[in-house]
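See structure below.
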Amino acid sequence: MSLKRFGVSLEEGILTELDQMVERENFPNRSRAISYLVKKNIVEQKWSGDEQVAGAVVVVYDHSKMELHKEVNAIQHNYNCLILSGQHIHLDEHNCLEVITVRGKAHKLIRLASKYKGLKGIKNVELVMSGTDD
Ligand code: NI
């Protein structure tokens, strides 16, 4: 893909924030950071639409709550058409981490993640989605 050069004018405070972001997140330069932000914004816009995206649902819960363990499992069976793989990690005596890789239409992945968010006793649910185009 060919690169195009253009001028950008930013308020000083925003430029400082951009430079801090470049350093903090190890971008090689400002251009890559801006490109990342634009792509991220495009993906987020696609979320509300019918676009195909891939990502992961990360769930943390207490396995000693037996019903919760069953419900977490049942959701994965109900949404198997969206799920590519699942990984279960026993974090400590009580806590489990599930990393469920997913692919499908964005609004369906959001609905899948919301099923976990709706379970009583779930400690955290994060959905990460990425477009697959350049
Ligand atoms: Ni576990």
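Throughout, read-outs are computed from the coordinates displayed, never taken from laboratory work. Quantities reported herein were computed from a predicted structural model and do not represent experimental measurements. Heads up, the Cβs are rebuilt from the backbone with ideal geometry, glycines too, and the neighbour counts pull from every protein chain shown.
Put in line by how crowded their Cβ is, counting other Cβ atoms within 10 Å and starting with the fewest, Val38, Val58 read Val38, Val58. Within the range 66-112, none of the trypsin sites (Lys or Arg not before Pro) combine a DSSP coil assignment with at most 12 other C-beta atoms in a 10 angstrom radius.
What separates the Cα centres of the range 97-134 and the range 10-51 is a distance of 22 Å.
Taken along its principal axes, the alpha carbon cloud of the chain reaches lengths of 57, 33, 21 Å, longest axis first. Here is how the number arises for the chain: DSSP H runs of 4 or more residues each give -39500 (n - 2.57), the sum is divided by the residue count, and the result at 222 nm is -13500 deg cm²/dmol. Extending 7 Å from the Cα toward the beta-carbon at both Ser64 and Glu25 defines two label points whose distance is 3.9 nm. With contacts taken as Cα pairs under 8 Å and at least 6 residues apart, the range 33-134 reaches a relative contact order of 42 percent.
Across the chain, where is the longest run that never hits GluC sites (Glu not before Pro) in a DSSP loop with at most 13 other C-beta atoms within 10 Å? Excluding the exposed sites themselves, the longest stretch runs over 26-92.
Of the cross-linked pairs Lys39/Lys108; Lys65/Lys105; Lys46/Lys123; Lys39/Lys105, which ones have a Cα-Cα span greater than 25 Å in the structure shown? If you can, show how the numbers build up before the last one.
Numbers: Lys39/Lys108 21 Å; Lys65/Lys105 31 Å; Lys46/Lys123 28 Å; Lys39/Lys105 18 Å.
Correct reply: Lys65/Lys105; Lys46/Lys123.
Here each label is just a point 7 Å from Cα along the line to Cβ, and for Gln45 and Leu84 those points are 2.5 nm apart. Looking at the range 9-62, none of the trypsin sites (Lys or Arg not before Pro) sits in a DSSP loop with at most 11 other Cβ atoms within 10 Å of its own Cβ. Fewest-first ordering of Ile110, Ile14, Ile75 by other beta carbons within 10 Å of each residue's beta carbon gives Ile14, Ile110, Ile75. Under a Gaussian network description of the chain, with springs only between Cα atoms under 10 Å, the residue in Asn95, Asn78, Asn26 that fluctuates furthest is Asn26.
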